[in-house]
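Below you'll find the structure, written out as structure tokens, and then a few comments.
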Amino acid sequence: MVIDISDLGSIISSLGSIAVAIFFLLIVLSTAIKIVPEYRRIVLFRLGRLVGSRGPGIVFIMPFIDRAVTVDLRILTLDVPVQEVITKDNVAIKVNAVVYFRVLEPSKSVVEVENYIVATSQLAQTTLRSVVGSVELDEVLSSREKINQELQKIIDDRTDPWGIKVSAVEVKELELPEGMKRAMARQAEAERERRAKIIAAEGELQAAEKLSEAARKMETSPITLQLRYLQTIREISGERNTTTFFPIPVDLLKPFMDKLTGKEI
């Protein structure tokens, strides 16, 4: 079989055209078929008009006509930078926070706001300054959970039209001026001293009440006074103590005391 050179050239040209067509078809298919994972969605625009969100799985789009925007549905962590805030009682502090949020409606997150991550970050910064600046320093230190809930509610309400759900807001760090730290340390020390004095006074009161009760018992039973006297001598005397104690009944001294005071014996 004899093949003409001109026929061979035409065959090669045809094969080249087929290869180019196949290559172009593969490019079109690669742009027309999107595989969307479970944690993402594709917001589809056709000739500039919103079609809706697609996914997960295989999504077909029309090349050169449709435009696809990918949106992540996982919870995102947004670190709010340090903000300088003046509290209600005129104390300058530095505070930062972290925001946890996720996209619930992908179409709104693309259509309603230009960049929902940047917008949420800016909103979190302004809300943090506003909320912390409206309370006193003591409330910031003692009621942090309340402040977190208030921040979460305000940011969630503001981002709801964007299709975003804010699940939690946590104030991470609170930096105080050095002078305020020293003042708070002195306040805590004074509070501890006050409590110590109160405890000591309560102990003295309880001891006085017990002594009064013991005195009343001894008044009704004089022998208890003598027994207590002997017990005291036993307690202060030790094994190596060279001092000897002789108990003297109080009744023996009574005549001398009456004589000194001018009474009859």
**Request:** Mind checking region 124-208 for GluC sites (Glu not before Pro) that DSSP puts in a loop (not H, G, I, E or B) and that have at most 15 other Cβ atoms within 10 Å?
**Result:** GLU136
**Item:** Which of GLN122, VAL140, VAL28, positive extreme of dipole for region 13-151 (C-beta unit charges)
**Value:** VAL28
**Asked** With Cβ to Cβ distances under 9 Å as the rule, what net charge do the other residues near LYS88 carry (K, R +1; D, E -1)?
**Response** -3
**Fill in**
The local net charge around ARG186, scoring Lys/Arg +1 and Asp/Glu -1 for residues other than ARG186 whose Cβ lies under 14 Å from its Cβ, equals 0
**Fill in**
Spelling it out for ASN96: with amide H atoms placed in the peptide plane at 1.01 Å from N, the residues 5 or more places away or on another chain with amide H under 5 Å from its amide H are GLN83, LYS172, GLU173
**Asked** Can you run phi through the Karplus equation (6.51, -1.76, 1.60; θ = phi - 60°) for region 44-60 and list ³J(HN,Hα) in whole Hz, with x for Gly and Pro?
**Response** 9, 10, 10, 6, x, 9, 6, 9, x, 9, 10, x, x, x, 8, 10, 9
**Request:** Arrange the peptides 124-130, 47-53 so that the one whose residues have, on average, the most other Cβ atoms within 10 Å appears first.
**Result:** 124-130, 47-53
**Asked** Which whole-Hz ³J(HN,Hα) couplings does region 203-208 yield from phi under the Karplus relation 6.51 cos²θ - 1.76 cosθ + 1.60, θ = phi - 60°, glycine and proline marked x?
**Response** x, 5, 5, 5, 5, 5
**Asked** What number comes out for the charge environment of GLN122, summing +1 per Lys or Arg and -1 per Asp or Glu over other residues with Cβ under 14 Å away?
**Response** 0
**Request:** Rank-order 89-100, 24-35 by packing density, defined as the average count of other C-beta atoms within 10 Å over each peptide's residues, highest first.
**Result:** 89-100, 24-35
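Quick note: the coordinates plus some simple rules give every number you see, no bench work behind them. Source: prediction; values computed, not measured. Here the Cβ is made from the backbone with ideal geometry for all residues, glycine too, and neighbour counts use every protein chain on show.
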